[in-house]
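The values are calculated or read from the model by the stated rules, or taken from the named source; none is laboratory data. Owing to the predicted nature of the structure, the values given are computational and were not obtained by experimental measurement. The accessibility values were calculated without ligands, DNA or RNA, using every heavy atom of the protein model including side chains. Shrake-Rupley method; radii C 1.70, N 1.55, O 1.52, S 1.80 Å.
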Amino acid sequence: MTAATSNSNRRFAAFALIIGAILFLAAGGYGLMLFLSNTPEQADAEPIKPTQAAVSQRSAEVKAAIDQARNLIANMQTTQAEQFLRDTVAKYQIDQELRLLFAQVLQEQGNPAEALAQYEAAITIGPDHAEYRFAAGLLSDELGHIEDAEAHLRAAQSLDLSNPKFPLYLAAIETKLGKRDQAREAYTRAAKLDDSLAIAWGGLAQIALDENHAESALERARKARNLEPERVAWRVLEARALRRLSKPAEAVQVLYGIPEAARLRDGVVLTEIATALAMMQRAPEADAIFDQAVNANPRDAGVHAAAASWYLRYSNLEAAEAHARQAKALGSSEADDILAHIAKARAAQNKPGQ
């Protein structure tokens, strides 16, 4: 299944601060507040320049506010810290450090939308920083703003070319957007920066498999598995590449390297083993795998759903329906879709002339 992605415009607060940031850079920040408070007639007159004492006073006030907020956070008074920072940010809107601290508190309070708005405001105020972009990218992804996440993570990568986490996360976002070439470039960049990143090699293996380059997929999947031998995902990728290369017996051997308890409760692994066995004309053994898994995990919705999908695939509709209904009773989100396919299969079987 593919999840729909939603696009979003940048938040109004961050957009409005573009103008504020320009004025801040030109006038040292305090002049902006004076400019905004002037009447139209005053604005046309000679601008009022803040004294050094006024600027120093403002800096001291902001520092004191930040210290007070941090004390509240240190004392686990996050609700009070949130309200204090909300009021303080309203007063000192163009202070980046305040915005960043407020964003972190909002994030910890489970308010990702507001936290993102504060990170984006802080970025607009400047100076820009890879870690601020990274935080904004992750929150954008969490909120379903995938294209915004891409923009932030691409900026993070540009701001710090030495950290592999930025291209690594960017690659995951590019994958979500269906940008396979860009994802491959990002995974490759991450792997060059840190050859021990199994997830980068696994990502490259998946892309190679999607492009039907089975040999390349196998090589990269094995690299990932050698780096993280306990990670089930890399064994699954390796097995799929082996099946694509018409080596189902080797695929089964790789998957049997997963401990039995884990193997018998993972629907993806079970399906991969059964598929490889079916390729070798060992269908009874494939069915027996699911019988064994269900007996070992009778209350596991995922195992029943996997069994139902398997039996549906080979038109054993009675067994498929029994497992699908059991999966539904146990709370499987897939069960209704499987039952709908079973109903269609039954209807096709009952058509005249069938």
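Pairs spanning more than 22 Å between alpha-carbon atoms, out of Lys63/Lys165; Lys176/Lys328; Lys223/Lys247; Lys176/Lys247; Lys63/Lys91: Lys63/Lys165; Lys176/Lys328; Lys176/Lys247. Residues in segment 102-141 average 33 Å² of solvent-accessible surface per residue, probe 1.4 Å, ligands and nucleic acids excluded. Averaged over its residues, segment 266-354 has an accessible area of 53 Å² per residue, based on protein heavy atoms and a 1.4 Å probe.
Estimated translational diffusion coefficient (Stokes-Einstein, Kirkwood radius over Cα pairs, 10 °C, 1.306 mPa s) of segment 243-354: 110 µm² per second. For segment 131-203, what class follows from the C-alpha gyration tensor (a ≥ b ≥ c being the square roots of its eigenvalues): rounded when a/c is under 1.5, otherwise prolate if a/b is larger than b/c, else oblate? Oblate, because a/c is 1.5 or more while a/b does not exceed b/c.
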